[in-house]
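Chemist: Sharing a structure below in structure tokens format, with a few things to ask.
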Amino acid sequence: KVHVDTMPPIVNYFNYSNVSNKFTFLFNITEQNFDLITYLDHTDTSPREKTLCSRLRNGICDVTKSFKTGPHNLTITVKAKAGNVIEKTISFTIV
């Protein structure tokens, strides 16, 4: 028998908060074969995927990122090494 991982990562908790232009993202993830958490800002002049977390500490990712003034539309992707993903979309504006 061969076990094939076909389940996406489980996001137990996700929250974000901001002070000025800095956003703190907090994730609690259940995934035995965790790979990355990335984001893509669709409002960038040249959108590209950027890393939020490359490892978890006891299932937790806590990271702060800065954003330019203006609107932002992010797709956040939690990835497993087997290629399974789960995505969340958030929008906000920095004034």
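The values are calculated or read from the model by the stated rules, or taken from the named source; none is laboratory data. These numbers come from a predicted model, not from an experiment. All Cβ positions, even for glycine, are placed from backbone atoms using ideal geometry, and neighbour counts span all protein chains on display. For accessibility, only protein heavy atoms count, side chains too; no ligands or nucleic acids. Shrake-Rupley method; radii C 1.70, N 1.55, O 1.52, S 1.80 Å.
Chemist: What accessible area, in Å² to the nearest ten, does a 1.4 Å probe give for Arg55?
Modeler: Using a 1.4 Å probe on the heavy atoms, I get roughly 150 Å².
Chemist: Ordering Asp62, Asp41 by how much accessible area each has at a 1.4 Å probe, largest first, what is the list?
Modeler: So, going from the largest accessible area down, we get Asp62, Asp41.
Chemist: Please report, in debye to the nearest 20, how large the charge dipole of the chain is about its Cα centre when each Lys and Arg carries +1 at its beta carbon and each Asp and Glu carries -1 there.
Modeler: 180 debye
Chemist: Can I ask one more? Give me the distance between the Cα centres of segment 64-94 and segment 32-56, rounded to whole Å.
Modeler: 7 Å
Chemist: How many lysine pairs in segment 11-95, separated by 8 or more positions in sequence or lying on different chains, have Cα atoms less than 22 Å apart?
Modeler: Eligible lysine pairs with Cα atoms under 22 Å apart amount to 13.
Chemist: Here's something else I'd like to know. Could you calculate the contour length gain from Thr69 to Asn33, that is, 0.36 nm times the residue separation minus the distance between their Cα atoms, to one decimal place in nm? If you can, show how the numbers build up before the last one.
Modeler: On the way: separation 36, 0.36 × 36 = 12.96 nm, distance 3.58 nm.
The Thr69-Asn33 span can extend by a further 9.4 nm.
Chemist: How much space per residue, in cubic angstrom, does the convex hull of the C-alpha atoms of the chain take up? If you can, show how the numbers build up before the last one.
Modeler: Details: hull volume 8.6 nm³, N = 95.
Convex hull volume per residue, Cα atoms: 91 Å³.
Chemist: Restricting to Cα pairs below 8 Å that are 6+ residues apart, what does the relative contact order work out to for the chain? Please round to a whole percent.
Modeler: Working: 202 pairs, mean separation 29.0, N = 95.
About 30 percent, as a whole number.
Chemist: Report the extension gain between Glu87 and Lys1 in nm, rounded to one decimal, defined as 0.36 nm multiplied by the number of residues separating them, less their alpha carbon distance.
Modeler: Extending this stretch completely gives an extra 27.9 nm.
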